[in-house]
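Report on the structure given below.
The values are calculated or read from the model by the stated rules, or taken from the named source; none is laboratory data. Model, not experiment: these values are computed from the prediction. Reconstructed Cβ throughout: ideal geometry from the backbone, glycine too, with neighbour counts over all protein chains shown. Please note that ligands, DNA and RNA were not included when accessible areas were found on the heavy atoms of the full protein model with its side chains. Shrake-Rupley method; radii C 1.70, N 1.55, O 1.52, S 1.80 Å.
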Amino acid sequence: MRVSGRTAALLVVCVALWGGHYPTAALVVDDISPFSLTFLRWVGALLPLVLIAWVAERPELLAIAKALPQLLLLSCLGMLMYAMLMYSALELIEPVPASMVGASTPAVLAVLGALMAGERLNARLVIGIGVSLVGVIIVISGGNTEALFLTDFSRGHVYMVGVVVAWSLYSIWGRVPGVPPITAVAVQAAIAVLVMLPFVALFGIEAPSRSATGWALLFIALVPSVACYVLWSIALRLTPSGHAGVFLNLAVFSSVGLAVVFGYKVTVADLTGGAFVIAGVLVSSVSAARQPPPSSPEPL
């Protein structure tokens, strides 16, 4: 796999921290709505992102202006759609099965990357995706396929499928020509806040009513929203998105570990389905790693 030691270290730290997002966000959405969490998250992250970008990268405003259409698309996918769908899912299902469904992201990312780059899907990749799909079905159904037909049960898992697709597309299109990675994330956060402001003015937002919610919200604003997005964006400049996606497997382990600490249950179906998902992802990742990167890595 064409991932250097430095890039691998960035991805390991990034994804291990990202795993804590699921159980922490689940605590917050018990107190405030997914919309309020999404807005407060990016408001809290915006100033640190802007300061880091300004000090570290000294961005050129003209380059940002030229890239605004792509930055708008990325903000809608990675800042708004990803967050709103994930938090809506966590209102309906617990963080462990949510993270297990999210673990199928590397396989989906590999397939979409191959398709959008015009590369041929080989048998190993197809098999890996099939194995991952079996794992997702086990998690969604709780080991009982009849549960798939219960709308109230499955809606949260459908949202998580949307999360997987949104993040895969965000990663594929994540390189913004001419705009440094931290600056790109800061601009996307600013766009997300601006897009949500009219809705905040019309409908208002909920403030945390518990101190624990406030601390969890602070963690989400600073760690998944600042540290992880910055590390992920930097890594995408150093390696193809399909190769970076392999490391998303680590999020399952940190997510499950923290969820257990928080008192969430882990079922046999979660563990069994998660094993299938990770096995399928590993098979797909071997296939993706053997494919040469696109001749032009810049999206759009």
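Only a single item in (1) farther than 29 Å from residue 267 by Cβ; (2) modelled with pLDDT of 90 or more is not met by residue 82, and it is number (1).
A quick yes/no check of all residues on (1) more than 25 Å from residue 26 (Cα to Cα); (2) surrounded by 14 or more Cβ atoms within 10 Å (Cβ to Cβ); (3) at pLDDT below 95:
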{"residue": "166", "(1), (2), (3)": "no, yes, yes"}
{"residue": "169", "(1), (2), (3)": "no, yes, yes"}
{"residue": "172", "(1), (2), (3)": "yes, yes, yes"}
{"residue": "177", "(1), (2), (3)": "yes, no, yes"}
{"residue": "181", "(1), (2), (3)": "yes, yes, yes"}
{"residue": "196", "(1), (2), (3)": "no, yes, no"}
{"residue": "204", "(1), (2), (3)": "no, no, yes"}
{"residue": "208", "(1), (2), (3)": "no, yes, yes"}
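Just one of the listed residues (266, 260, 256, 281) is at pLDDT 70 or above and buried (at least 20 other Cβ atoms within 10 Å of the Cβ), namely 256. Selection of first residues in region 157-183 that are on the phi > 0 side of the Ramachandran plot and of second residues that are of a type outside the set (Asp, Glu) and surrounded by fewer than 20 Cβ atoms within 10 Å (Cβ to Cβ), restricted to Cβ pairs under 8 Å at least 6 apart or on distinct chains, gives the following pairs, ordered by first then second residue: 178/63; 178/66; 178/67.
Which residues, taken from region 204-221, are touching a residue at least 24 places away in the same chain (Cβ under 8 Å) and of a type in the set (A, V, I, L, M, F, W, C)? Lay out the reasoning, then the answer.
Initially, region 204-221 is screened for residues touching a residue at least 24 places away in the same chain (Cβ under 8 Å), giving 205-210, 212-213, 216-221.
Once the filter is applied, which keeps residues that are touching a residue at least 24 places away in the same chain (Cβ under 8 Å) and of a type in the set (A, V, I, L, M, F, W, C), region 204-221 yields 205, 207, 212, 216, 217, 218, 219, 220, 221.
From the list 37, 17, 10, which one is under 16 Å from the mean Cα position of the chain (by Cα), open to solvent by less than 10 Å² (accessible area, probe 1.4 Å) and either touching a residue at least 24 places away in the same chain (Cβ under 8 Å) or more than 22 Å from residue 182 (Cβ to Cβ) (or both)?
Values: 17 fails: open to solvent by less than 10 Å² (accessible area, probe 1.4 Å); 10 fails: open to solvent by less than 10 Å² (accessible area, probe 1.4 Å).
Only one candidate qualifies: 37.
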